[in-house]
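Reading through the structure tokens given below for one structure.
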Amino acid sequence: MSHAANAHDFLRDPARAAWHDQTLWMVRVKRDRQAAKVPDWEALREAASQIKEHTLSRLAEYLEEFESRAAANGIQVHWAADGEEHNRIVHGILARHGVRKLVKSKSMLTEECHLNRHLEEHGIEVIDTDLGERIVQLQRKPPSHIVMPAIHLKRAEVGEVFHEHLGTPRGLDDAQELTEAARQHLRRQFLTADAALTGVNFAVAETGGFVVCTNEGNADMGAHLAPVHIACMGIEKIIPKQEHLGVFLRLLARSATGQPSTVFSSHFYKPRPGQEMHIVLVDNGRSRQLGREDYRRSLACIRCAACFNTCPVYRRSGGYSYSYFIAGPIGSILAPNVDKAAHGDMPFASTLCGSCSAVCPVKIDIHTQLLKWRQEITAEGHAPWWKTLAMRVTGLVLKRPALYALAGRLARHFLPLVNLLKLDPWTRSRALPEAPGQSFREWLAETERAKPPAKNPPP
Amino acid sequence: MSRATILDAIRRAQPALKPLPEPAALGVGGRMENSISQFVATLDFIGARVIRGRSLEEAALWLRENLPAEARLASTVPGLPGNVDLGAVIDPHLLEGLHTAVFPARFGVCENGAVWVEESDLGHRVLPMIAEQLFMVVRAADLVADMHEAYRRVGQAGLGFGLFLAGPSKTADIEQCLVIGAHGARGATVFIWDEVV
């Protein structure tokens with residue numbers, strides 16, 4: 001189904017849609033408040049953008065540097081060309097240790113690779129431990145937002161899910177009590193897991209270490225208790241030096257949730273004694289995107305989701321309206337790289353207002369890339385037939401002045417009918433303004449005729 | 001083994017070298033306030049409790065007065081009370097049920113209320129997450145204004161694990177309602193001491 005059709009369904013409940021819109025806008029406002037408290041905010045964004053651009057121009061070298069430093073620190077480094085290989089590597093490690101239960105903190109990469117399904121098929125129990133992610137996992141749904149996975153759900157719905165799966169009393173709808181129930185449930189999982197998997201926010205070439213940021217402490221609870229820790233990262237998560245973390249950590253939490261910092265910014269350099277630590281470096285289409293000049297900068301993304309929270313289309317259509325698991329503006333420029341045909345309508349789910357680019361902490365030109373994808377997708381014939389037809393007809397008319405004049409006359413004449421029939425999506429919830437009686441050219445010709453001849457024509 | 005394939009693909013795709021910027025030259029850093037009052041205000045904002053004192057004895061007194069006598073207490077700060085011998089705990093799972101973890105922070109960051117904690121000061125990496133309550137000790141002289149100054153103090157060599165810890169664990173995953181105490185500690189106290197009063 002197209003984004004527009006899904007969004008239409010989402011909007012069937014106007015009160016709920018308004019709530020979704022306002023909830024996300026509140027996060028945007030919190031972000032603004034924090035950003036305004038940092039006098040060097042714009043300098044930070046510029047520095048982050050330039051560091052990322054530099055890194056992408058030396059990506060292979062930095063990955064090699066990272067690999068050798070990490071290996072020297074006793075971390076085992078693996079390389080995966082695609083999602084399938086990533087899943088095979090992770091399963092291989094788990095199988096070798098006879099792992100039956102894996103606790104996992106938030107990792108969009110493993111969503112991208114469909115790791116959970118793969119491991120479950122091999123009989124491994126996977127527990128997502130981020131509260132929001134656990135809620136949607138129990139519903140067997142993907143996250144609707146990359147930072148707040150269950151942002152589309154109301155308290156009472158979470159209560160239903162917990163009643164069914166965690167045995168909480170029916171009708172529980174207090175956020176504090178629901179969170180407490182999840183804490184108790186997940187604590188048991190942390191204490192009995194055989195291995196932990198985390199994502200990676202930043203990997204530092206200079207040190208071979210990596211940083212994982214959470215507010216809940218779930219990544220740490222998993223990683224520091226389990227005998228095996230696997231960290232999975234896209235190859236674009238590399239930054240050159242440890243001091244660059246200062247730039248990115250100042251931007252990340254403020255942009256994501258309007259906090260000055262995440263609660264836990266954990267720096268892993270070595271496995272703890274007796275523990276095995278693995279890092280899986282995943283390409284899965286990233287080197288292809290790196291080679292596409294127009295879209296290369298999308299790889300600078302630090303997954304803060306500020307562009308989601310500010311996007312008037314995302315806020316009013318919800319994450320499940322998008323065909324890719326990363327929704328919103330950034331998802332709409334990442335998804336066509338994966339599959340143009342399947343996600344071809346995502347770049348059209350935008351007003352091109354540019355608010356996404358304005359809040360992006362690494363200054364990705366998101367709305368420009370959206371426009372470029374639209375052109376590319378249309379040129380390759382992935383646009384819907386009615387749009388192609390409409391564009392052809394428009395082109396035909398605009399090239400022929402006589403036809404254009406006729407079309408104008410017809411439009412002026414039949415406008416009331418267009419408003420009445422609501423054939424065009426635009427007119428479904430809006431009335432086109434009343435048409436003037438004559439065209440501009442008719443008016444000009446008439447005015448010229450009525451004008452008295454000039455007394456002193458200019459030389 | 002896809003290592004060579006991936007690196008080849010990247011080398012073919014990566015653009016001509018773009019310069020690595022010097023963040024300071026772009027105007028980054030040195031613009032935030034470095035003061036105890038700023039640090040305290042930020043800690044207050046992120047939901048941490050602040051206690052100020054002249055000496056560690058005051059911290060010990062506070063702990064004795066405010067913690068239940070039967071509470072399991074693990075301390076890595078010499079002179080502060082603890083009844084769990086972290087050195088004798090081999091398996092970190094056994095720390096479950098810990099009431100309070102007491103440990104030192106190397107320094108505090110005024111702009112975000114985080115403190116830098118190193119593995120060697122914890123005994124176990126999981127200590128600041130598995131305990132129900134945290135009691136962190138930092139000297140008033142050890143404050144930095146922003147994260148750039150912070151990273152100038154973070155060591156690299158020999159470090160296995162370290163973290164910036166900013167207040168108690170929290171989540172707003174249910175309807176954006178802030179709940180303190182997600183998977184980590186339900187409360188965090190920062191004891192700032194030896195300031196010149």
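The values are calculated or read from the model by the stated rules, or taken from the named source; none is laboratory data. All values derive from a computational prediction rather than experimental measurement. Here the Cβ is made from the backbone with ideal geometry for all residues, glycine too, and neighbour counts use every protein chain on show.
Cβ-Cβ distances below 8 Å connect the following pairs, each with a first residue in the stretch A:1-13 that is farther than 9 Å from A:SER321 by Cα, a second residue that is of a type outside the set (Asp, Glu) and at pLDDT 95 or above, and a separation of six or more residues or different chains: A:LEU11/A:ALA17; A:LEU11/A:ARG316; A:LEU11/A:SER317. Put simply, of A:ALA5, A:ALA70 the only residue that is surrounded by fewer than 20 Cβ atoms within 10 Å (Cβ to Cβ) and of a type in the set (Gly, Ala, Ser) is A:ALA5.
For (1) touching a His at 6+ places or on another chain (Cβ under 8 Å); (2) in contact (Cβ under 8 Å) with a residue 24 or more places away in the chain; (3) not aliphatic (A, V, I, L, M), each residue gets a yes or a no:
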site: A:ILE230; (1), (2), (3): yes, yes, no
site: A:LYS237; (1), (2), (3): no, yes, yes
site: A:GLU243; (1), (2), (3): yes, no, yes
site: A:GLY246; (1), (2), (3): yes, no, yes
site: A:PRO271; (1), (2), (3): yes, yes, yes
site: A:GLN275; (1), (2), (3): yes, yes, yes
site: A:ASP283; (1), (2), (3): no, yes, yes
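Yes or no: A:GLU46 touching a helix residue (DSSP H, G or I) at 6+ places or on another chain (Cβ under 8 Å), of a type in the set (Asp, Glu) and part of a helix (DSSP H, G or I)? Taking the combined requirement at face value, the residue satisfies it. Have a look at B:PHE164, B:PHE191 and point out the one that is at pLDDT 95 or above, more than 7 Å from chain A (Cβ to nearest Cβ) and under 28 Å from A:GLY246 (Cβ atoms). Answer to the selection: B:PHE191.
With the requirement that a residue be aliphatic (A, V, I, L, M), within 14 Å of the chain's Cα centre (by Cα), assigned to a loop (DSSP other than H, G, I, E, B) and over 28 Å from A:TRP41 (Cβ atoms), what does the stretch A:335-376 give you? Selection gives A:ALA349 alone.
Do any strands (runs of 3 or more DSSP E) lying entirely in the stretch A:62-170 carry at least 2 residues that are more than 10 Å from chain B (Cβ to nearest Cβ), and which ones are they?
Strands (runs of 3 or more DSSP E) meeting the threshold: A:101-104, A:125-128.
Among the residues of the stretch A:224-250, those identified as within 8 Å of chain B (Cβ to nearest Cβ) and farther than 21 Å from B:TYR151 by Cβ are A:HIS224, A:LEU225, A:ILE235. Scanning the stretch B:72-116 for residues that are under 17 Å from B:PHE191 (Cβ atoms), more than 14 Å from chain A (Cβ to nearest Cβ) and either assigned to a loop (DSSP other than H, G, I, E, B) or over 14 Å from the mean Cα position of the chain (by Cα) (or both) gives B:LEU73, B:ALA74, B:SER75, B:THR76, B:VAL77, B:PRO78, B:GLY79, B:LEU80, B:PRO81, B:GLY82, B:HIS99, B:THR100. Within the stretch B:10-39, residues that are more than 7 Å from every other protein chain (Cβ to nearest Cβ) and aromatic (Phe, Trp, Tyr) sit with their Cβ atoms under 8 Å from residues that are buried (at least 16 other Cβ atoms within 10 Å of the Cβ) and not in a loop (DSSP other than H, G, I, E, B), at 6+ positions apart or across chains, in these pairs: B:PHE39/B:GLY108; B:PHE39/B:VAL109; B:PHE39/B:LEU143; B:PHE39/B:ILE192. Can you find a residue in the stretch A:348-363 that is modelled with pLDDT of 90 or more, of a type in the set (A, V, I, L, M) and on the phi > 0 side of the Ramachandran plot? Yes - at least one qualifying residue is present in the stretch A:348-363. Against the conditions (1) surrounded by fewer than 24 Cβ atoms within 10 Å (Cβ to Cβ); (2) within 14 Å of the chain's Cα centre (by Cα); (3) under 30 Å from B:GLU22 (Cα atoms); (4) more than 7 Å from chain A (Cβ to nearest Cβ), B:SER120 satisfies every one except (3).
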